[in-house]
1. Which pairs do you get when a residue that is farther than 23 Å from ARG26 by Cβ, found in the range 125-139, comes within reach of a residue that is within 6 Å of ligand 1 (Cβ to nearest atom) and of a type in the set (Ser, Thr, Tyr), reach meaning Cβ atoms under 8 angstrom, with the pair 6+ apart or on two chains?
2. When the residues of the range 199-234 are narrowed to those that are part of a helix (DSSP H, G or I) and touching a Pro at 6+ places or on another chain (Cβ under 7 Å), which ends up least open to solvent (accessible area, probe 1.4 Å)?
3. Only one of (1) open to solvent by less than 10 Å² (accessible area, probe 1.4 Å); (2) free of Cβ contacts under 8 Å to residues at least 40 places away in the same chain is not met by THR42, so which one is it?
4. SER260 versus (1) assigned to a helix (DSSP H, G or I); (2) free of Cβ contacts under 8 Å to residues at least 40 places away in the same chain; (3) open to solvent by 20 Å² or more (accessible area, probe 1.4 Å): which is the lone unmet condition?
5. Mind checking which residues of the range 51-63 are touching a strand residue (DSSP E or B) at 6+ places or on another chain (Cβ under 6 Å) and either among the small types (Gly, Ala, Ser) or exposed (fewer than 15 other Cβ atoms within 10 Å of the Cβ) (or both)?
6. Can PHE212 be described as more than 16 Å from ligand 1 (Cβ to nearest atom), closer than 30 Å to PRO247 by Cα and not charged (D, E, K, R)?
7. Which of the following residues is β-branched (Val, Ile, Thr), away from ligand 2 (no atom under 16 Å from the Cβ) and not assigned by TED's automatic domain parsing to the domain that holds GLU17: ILE232, ILE170, ILE179?
8. Considering every residue within the range 235-250, establish whether at least one is outside any helix (DSSP H, G or I), within 28 Å of LYS154 (Cβ to Cβ) and outside the structural domain of ASN133 (by TED's automatic domain parsing).
Amino acid sequence: MELPRIQWYPGHIAKAEKKLTQIINRVDLVVEVRDSRIPLSTGHPHLNKWIQDKKHILVINRSDMISNECIDSWKDWFTGNSIFPLWCDAKKGHGIKEIVYAITKARVSIDERRLSRGMKIRPIRALTLGFPNVGKSALINRIASKKVAKSARKAGVTRDLRWIRISNGIDLLDAPGVIPPYLENQKSALNLALCDDIGEAAYDLDFVAIEFIKMIQKLSNNKTSNISLKKISNRYGVDINEGFKDPNKWLFLTAEKHTSGDRRRMANKLLEDFRNQFLGNICLEIPL
Ligand SMILES: Nc1nc2c(ncn2[C@@H]2O[C@H](COP(=O)(O)OP(=O)(O)OP(=O)(O)O)[C@@H](O)[C@H]2O)c(=O)[nH]1
Ligand SMILES: [Mg+2]
């Protein structure tokens, strides 16, 4: 049987991508935002083509959603690949100072370049770029120290491009999340679905829940993923090890217990519990 494909490319994202590719030439700096639970799956394959020789700051957001061990192992991995991201929690505001510092530092060299070319200094234009729901608008609100951009728990909240003036000579562009038109890598697509970084219309809940159970089994062999099987079993009152033998049966049994036998509702509950960190701070992607 063919597996249901995960695919999402709504009209507003297609439109935003078109506008972005036009506006990007007028931008000085790109602040790329990724999701710490899936730092590779939230890397856009066209990003380098868009950025060209512009300054680029990589921010990995949602640092509160994975364990410190996992952050450390990603730090080693990125360093090994000569990439030096800044980690932050845009919800609580951790790591924002370092990001503002990096933008301000970039500003100095952009100003110098303009002056050396006989151009006038103007506020620098920074674009926040990333997949939907990774926390771009929340990050802008933190940088601006006030609520200037709409931010909510759903992919596709920001619908249009909007410039926001930050007091210290920085203009930040809040943009809708972008995503490749075709999700070629279905493993990454599954990660995006689990983390709510794509709309629910993109996937079959039951299928994603079953795949999630299989993923938990694989990930739990690696300590870095920070999975407590006991915690999961206790939460639902059905041993998750049974789920590893037969995920369908586990979903059936937990649905009987928690959602009056409604499998779809149980599948949704399992995913929501993961997203709300009720299953712990699970890292879905771990460095190879
Ligand atoms: N726990 C946690 N939640 C976060 C963090 N950053 C953002 N959020 C939450 O994630 C949700 C999505 O944030 P947004 O700022 O709307 O994300 P976005 O990238 O602008 O999303 P789109 O506009 O849909 O592309 C909101 O409910 C935020 O409060 C974080 O670092 N940690
Ligand atoms: Mg937004």
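The values are calculated or read from the model by the stated rules, or taken from the named source; none is laboratory data. Model, not experiment: these values are computed from the prediction. Glycine gets a Cβ as well: all are built from the backbone with ideal geometry, and neighbour counts include every protein chain shown. Side chains are part of the model used for accessible areas, which takes the heavy atoms of the whole protein and leaves out ligands, DNA and RNA. Shrake-Rupley method; radii C 1.70, N 1.55, O 1.52, S 1.80 Å.
1. These pairs meet every condition: GLY135/SER151; ALA138/SER151.
2. Among them, the one singled out is ILE213.
3. Status for THR42: all satisfied but (2).
4. (1)
5. SER63
6. So PHE212 passes the test.
7. None of the others qualify; the one that does is ILE232.
8. no
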